[in-house]
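This report refers to the structure that appears directly beneath it.
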Amino acid sequence: MKPRFLPCNNIAIKFPTHEYDDTVVFYRDRLCLEQSASQAEIWLEIITDDLEKATQYLNNKQCTRKDEIEPFAEGFRGFWISSPYNIIHLISQESV
């Protein structure tokens, strides 16, 4: 049986350097969001009900872990993977 995967509340939008100024204007000045990122990527968080099962399932589906992307706080239950188009996904244990 495969683990359950659900979208989570965490998303980081990161974009190419040459589009930085226009993107900042859009999100900061038009949508009135706080500016807090300066890299060019999109990161998504996916939660699962069983992290060990998710690890095994994704390994079997040839999803390579990318733990070098960013370190986690001590005790955090999660890991990084990347889609074929380099969209970063944080797979984390669902809180109970």
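Bear in mind that the values in this text are calculations on the coordinates, not laboratory data. In this text, all values refer to a predicted model and were calculated from it rather than measured experimentally.
Brief remarks follow.
- Vicinal HN-Hα couplings computed from phi for region 86-94 (Karplus, 6.51 cos²θ - 1.76 cosθ + 1.60; Hz; Gly/Pro x): 6, 8, 7, 10, 8, 9, 10, 6, 4
- Column: log10 I(q)/I(0), Debye, Cα scatterers of the chain, q = 0.13, 0.18, 0.22, 0.23 Å⁻¹: -0.53, -0.88, -1.12, -1.19
- Lysine pairs in the chain whose alpha-carbon atoms fall under 20 angstrom of each other, counting only those eight or more residues apart or on distinct chains, come to 5.
- The relative contact order of region 20-96 comes to 34 percent, based on Cα pairs under 8 Å that sit 6 or more residues apart.
- Nearest-ten-degree value, helix 51-60 long axis tilted from longest Cα axis of the chain: 90 degrees
- Only helical runs count toward this figure. For the chain, summing -39,500 (n - 2.57) over DSSP H runs of n ≥ 4 and dividing by all residues gives -4000 deg cm²/dmol at 222 nm.
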